[in-house]
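No value in this document is a laboratory result; all are computed from the given coordinates. The shown structure was predicted, so the numbers you read here are calculated from the model rather than taken from an experiment.
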Amino acid sequence: MQFATQDRQAWSQAVRARYDEVDTVDNALLQAKVAAAAVDRIGPTVLVTNSAGGLRALLTALKSDDVKGIVAYETPGFVLPEGQSAQRLAGPYGPVYVPRTEFQRLTRIPIQFVFGDNVARRRSGRSYSSSARNSSPP
């Protein structure tokens, strides 16, 4: 499914609903802390996310043993182990670098990253999918 970018009214409404100040690593860390508390209260959970929710799901899984899996559709954000490769500067979606021992928590649950058919056409999509492929431990 593609967003109706040709519909000026729909596009204007979508752009105005976006708050750039919400998309920061600090906010993602705070939201993950709250999400982990909710997951701990609910019990075993598989997190299904879209876009920036993927980073929040990964961060939540670091804080809760009740996250049993993640399916992240077109996530721009990743959690990577410190020292795996040259660290990139963090943007609003990370990457977030954590100690290797903490990163290992993510290797104990199934995680699926899903990217759509526009990945090859957009530079950001190619960058995100490349990050997903490179986020697994050596």
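Give me, ordered by chain and number, the residues 5 or more places off Leu80 or on other chains with an amide H under 5 Å from its own placed amide H.
For Leu80, the qualifying residues are Val96, Tyr97, Val98.
Considering amide H positions built from the backbone, and no H for Pro or chain starts, which residues 5 or more places from Lys68, or on another chain, come under 5 Å of its amide H?
Amide H neighbours of Lys68, under 5 Å, 5+ apart: Thr45, Val46, Leu47.
Compute the Cα gyration tensor for the stretch 60-120, then decide on rounded, prolate or oblate, letting a ≥ b ≥ c be the square roots of its eigenvalues: rounded whenever a/c is under 1.5, prolate when a/b is larger than b/c in the other cases, and oblate in all that remain.
Cα axes put the stretch 60-120 in the oblate bin.
Residue-wise, which Karplus ³J(HN,Hα) couplings in Hz belong to the stretch 29-46, taking 6.51 cos²θ - 1.76 cosθ + 1.60, θ = phi - 60°, and x for glycine or proline?
For the stretch 29-46, the Karplus-derived couplings read 5, 5, 5, 5, 4, 5, 5, 4, 4, 5, 4, 4, 6, 6, x, x, 9, 9 Hz, x marking Gly and Pro.
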